[in-house]
Amino acid sequence: MILDKFRLDGKIAVVTGGTRGIGLAIARALGEAGARVILASKHPRPQAMAELKAAGIVADYLQADMEDEKAPRQMVEAALKLAGRIDILVNNAGIAADGDTESFSDTRWRKVMTTNLDAVFRASSAVVTPMLAQGGGVILNIGSISGIISNVPQHQTAYNSSKAAVHMMTKTMASELAGRGIRVNAIAPGYIVTDMTQPGLDDPERAPIWLKMTPMGRPGTPDEVAAAALFLCSPAASYITGEVLVVDGGYVTR
């Protein structure tokens, strides 16, 4: 049956930034489909683990600060030691930073790039060898519509640039690895209700602009991104690689 292709029974999935927001929703979706999920994040947030386990999901936690250049590779090594293999890697951890171009410091620029871009490459690079040894796997990167359009009214040159680079990294890795059994895709969410976006959604200047530019007229939910993630991580998407799937209520159609 076609629905069986969405199952992930016996799979091991690592989700960075997995203890809240979109990452937690993705971990829950993959777990509900049968995967054992390993949440990696800077902060443990025990309530996230309790929520997953209460739902009958097999879940583990690894501490990993993606701003630390050693953390992504150490995370992969720790996950392999813990579970023996990694079938799915979801590179979700990221940060946003506003600021005018002329006053945006090199330090802030480097922090955004280290977390949003460098860590995605480092984790992906580290997981390729074990995935090849086991016969394949899936890498899913969380990009953003900010890698496709220029945000307004906020100024986010660093954030937008990091996400655009993640999209191109996704396509390039997908092309390189397609013939060796590894699929690489990305999701580009629009404005989703999370801790990161809530201040903007509460902002009387930003929120009306964001919603007016979203044809559906509302922000999305983490579960709506998670559903797309489950599809791309599952055998249902077995002929899809190098795709950047936009989940934005129509924002980029404007």
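The values are calculated or read from the model by the stated rules, or taken from the named source; none is laboratory data. Not measured: the values here are computed from a predicted model. With ideal geometry, Cβ positions are generated from the backbone for all residues, glycine too; neighbour counts draw on all protein chains shown. Protein only, heavy atoms only, side chains kept; ligands, DNA and RNA dropped before computing areas. Shrake-Rupley method; radii C 1.70, N 1.55, O 1.52, S 1.80 Å.
Among the residues of the stretch 174-191, not a single one is in a loop (DSSP other than H, G, I, E, B), buried (at least 17 other Cβ atoms within 10 Å of the Cβ) and among the β-branched types (Val, Ile, Thr). Could you check, for the stretch 68-82, whether at least one of its residues is in contact with a Gly (Cβ under 8 Å, 6 or more places away or on another chain) and either open to solvent by less than 70 Å² (accessible area, probe 1.4 Å) or not aromatic (Phe, Trp, Tyr) (or both)? No. Within the stretch 91-101, is there a residue that is buried (at least 16 other Cβ atoms within 10 Å of the Cβ), hydroxyl-bearing (Ser, Thr, Tyr) and either in contact with a helix residue (DSSP H, G or I) (Cβ under 7 Å, 6 or more places away or on another chain) or closer than 25 Å to Asp118 by Cβ (or both)? No: the stretch 91-101 contains no residue that is buried (at least 16 other Cβ atoms within 10 Å of the Cβ), hydroxyl-bearing (Ser, Thr, Tyr) and either in contact with a helix residue (DSSP H, G or I) (Cβ under 7 Å, 6 or more places away or on another chain) or closer than 25 Å to Asp118 by Cβ (or both).
Table: residues versus (1) open to solvent by 70 Å² or more (accessible area, probe 1.4 Å); (2) closer than 26 Å to Arg73 by Cβ.
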| position | (1), (2) |
| --- | --- |
| Met1 | yes, no |
| Leu8 | no, yes |
| Ile12 | no, yes |
| Arg20 | yes, yes |
| Lys53 | yes, no |
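The set of residues in the stretch 224-239 that are among the aliphatic types (A, V, I, L, M) and either in contact (Cβ under 8 Å) with a residue 60 or more places away in the chain or open to solvent by 50 Å² or more (accessible area, probe 1.4 Å) (or both) comprises Val225, Ala226, Ala227, Ala229, Leu230, Leu232, Ala236.
Could you grab me the full set of residues in the stretch 225-239 that are in a loop (DSSP other than H, G, I, E, B) and more than 17 Å from the chain's Cα centre (by Cα)? Listed by number, the residues that qualify are Ser238, Tyr239.
Each residue in the stretch 240-254 was checked for being closer than 21 Å to Ala25 by Cβ, assigned to a loop (DSSP other than H, G, I, E, B) and either without any contact (Cβ under 8 Å) to a residue 24 or more places away in the chain or β-branched (Val, Ile, Thr) (or both), and 1 of them qualify. With respect to the conditions (1) outside any strand (DSSP E or B); (2) open to solvent by 10 Å² or more (accessible area, probe 1.4 Å); (3) touching a strand residue (DSSP E or B) at 6+ places or on another chain (Cβ under 9 Å), Ala158 falls short on a single one, namely (2). Where residues in the stretch 23-38 are closer than 20 Å to Ala123 by Cβ and not in a helix (DSSP H, G or I), which of them is most open to solvent (accessible area, probe 1.4 Å)? Among those that are closer than 20 Å to Ala123 by Cβ and not in a helix (DSSP H, G or I), it is Arg36.
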